[in-house]
Amino acid sequence: MRRSLSFDRLSDTTFEEFCRDLLQELNFVNIDWRKGTGKKTSPADRGRDIVAQEQRRDIDGAVHLETWFVDCKHYKAGVPARELQNLLAWAEAERPAVALFIASGFLSNSSKDFLNEYRRNRRPPFKIKVWENPDLRRLTARRVAFLRRQGLYEEPLRSTREILAEEKELYDKIWYDRHQQWLQKIEAGEDHPDPALLKTARAAAKRKEKQYGKKNLGPWTKFEWGMLNGKLSALRWVLGDEWDFLDT
C-alpha cells in the first residue's frame, strides 16, 4: 500500500505547478496557470490560480467545454474560511461551471461550514468542489509515473526478481492460450504434430493449470489478450529485449 501523499517539500508555487500538471494528467484542456510572475504570489490572478476546461459529451454526442476556476491552497494547518472568498467572488462575477479548491492538506471545519452555508444561502450558478489530500491520493493512486515525475513518490523501483516473476507468469498464460488454440487445430485436423511433442505440451499445460488454477488461464477477451501481450512486451523491453518481442 502506498504511503500517504505529502506535499511538505513543495513551495506554494510548486504546489500550484503540481495542480496544473494533475489537471493535464486528468485530461483537462486549455489549462492557463495564471502565475504571470516569478514572485511567490500573483496578485493579478483574479482569485484563481488556474483556469482549465473539461471536455463534456452530451447523451446525443454533442461535445462542449466546461470552464473550471481553480484555487490552490498549500497549508499545513486547515485552510481558513477567509482564504476561500476571493475565488467565490470572481466565480460569481464570471460564472464558470465549477469553482474548485485544491488543498494540499484539508479545509478547516469552519471553512467547510462556510461553504455549506454559502451553497444554501447564495445558491451559486456554479458547482463548488473541494479536493483535499485524500482526494489527491485517490486521483493519483494509479498514476505512479506521474508522482515520480513530480518528485512525490519515493518507493524504490520494482526489483529485477519481481519483474522476472511477472514476466514468467505472463509468458505462461500466453503460452497456455496458444496451446489451447493449437489443440483446436489438431482436433479440426489442421495440424498433425509428433505424438511425443503433443504429450510433452499437454504435460506442461497440466503443470500450469495446477500452478495458476485453470480459471485464471483464460479464455481471454480481445481486450484482455491485448493487455497480456502489451504487458509482456513492456516487461521484456525493461529487461533488455526489443519492443514487441512476444515469443513463447
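The values are calculated or read from the model by the stated rules, or taken from the named source; none is laboratory data. Model, not experiment: these values are computed from the prediction. Cβ: placed from backbone, ideal geometry, glycine included. Neighbour counts: every protein chain shown.
Some notes on this structure:
Residue-wise test of (1) of a type outside the set (Ser, Thr, Tyr); (2) under 22 Å from the mean Cα position of the chain (by Cα); (3) at pLDDT 95 or above; (4) within 22 Å of Leu84 (Cβ to Cβ).
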{"residue": "Asp21", "(1), (2), (3), (4)": "yes, yes, yes, no"}
{"residue": "Gln24", "(1), (2), (3), (4)": "yes, yes, yes, no"}
{"residue": "Phe28", "(1), (2), (3), (4)": "yes, yes, yes, yes"}
{"residue": "Thr37", "(1), (2), (3), (4)": "no, no, no, no"}
{"residue": "Pro43", "(1), (2), (3), (4)": "yes, no, no, yes"}
{"residue": "Asp71", "(1), (2), (3), (4)": "yes, yes, yes, yes"}
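- Whichever residue in the stretch 45-60 is at pLDDT below 85 and of a type outside the set (Lys, Arg) and, among such residues, is farthest from Arg149 (Cα to Cα): Gly47
- Of all residues making up the stretch 85-109, the number that are more than 27 Å from the chain's Cα centre (by Cα) and more than 21 Å from Ser11 (Cβ to Cβ): 11
- Given (1) more than 30 Å from Tyr75 (Cβ to Cβ); (2) at pLDDT 90 or above, index of the condition Trp243 fails: (2)
- Scanning the stretch 231-245 for residues that are free of Cβ contacts under 8 Å to residues at least 60 places away in the same chain and either of a type in the set (A, V, I, L, M) or over 14 Å from Tyr171 (Cβ atoms) (or both) returns Ala234, Trp237, Gly240, Glu242, Trp243, Asp244.
- Tabulated pairs, the stretch 50-65, first closer than 18 Å to Leu23 by Cβ, second assigned to a strand (DSSP E or B) and of a type in the set (Ser, Thr, Tyr), C-beta under 7 angstrom, 6+ apart or interchain: Val51/Thr67; Gln53/Thr67
- Restricting the stretch 129-178 to residues that are among the hydroxyl-bearing types (Ser, Thr, Tyr) and in a helix (DSSP H, G or I) leaves a set whose member that is farthest from Asn216 (Cα to Cα) is Thr160.
- When the stretch 186-215 is filtered for residues that are among the basic types (Lys, Arg) and loosely packed, with under 10 Cβ neighbours inside 10 Å, the ones remaining, listed by number, are Lys210, Lys215.
- Elements of type strands (runs of 3 or more DSSP E) contained in the stretch 44-117, each with 2 or more residues being of a type in the set (Gly, Ala, Ser) and closer than 22 Å to Leu136 by Cβ: 98-103
- Among the residues of the stretch 124-142, the ones that are in contact with a helix residue (DSSP H, G or I) (Cβ under 6 Å, 6 or more places away or on another chain) and among the aromatic types (Phe, Trp, Tyr) come to 1 in all.
- Taking each residue of the stretch 182-204 that is touching a residue at least 40 places away in the same chain (Cβ under 8 Å) and looking for partners that are outside any helix (DSSP H, G or I) and surrounded by 11 or more Cβ atoms within 10 Å (Cβ to Cβ) with beta-carbon atoms closer than 6 Å, six or more apart or interchain, yields nothing.
- Test result for Val130, at pLDDT below 95, of a type outside the set (Phe, Trp, Tyr) and in contact with a Phe, Trp or Tyr (Cβ under 7 Å, 6 or more places away or on another chain): no
- In this structure, Leu157 does satisfy being closer than 30 Å to Asp21 by Cβ and either of a type in the set (S, T, N, Q) or under 26 Å from the mean Cα position of the chain (by Cα) (or both).
- Scope the stretch 64-96; condition in contact with an Asp or Glu (Cβ under 6 Å, 6 or more places away or on another chain) and surrounded by fewer than 18 Cβ atoms within 10 Å (Cβ to Cβ); matching residues: Glu66
- The stretch 220-248: number of residues that are assigned to a helix (DSSP H, G or I) and of a type in the set (Asp, Glu): 1
- Hey, Arg161 closer than 29 Å to Arg82 by Cα and loosely packed, with under 13 Cβ neighbours inside 10 Å or not: no
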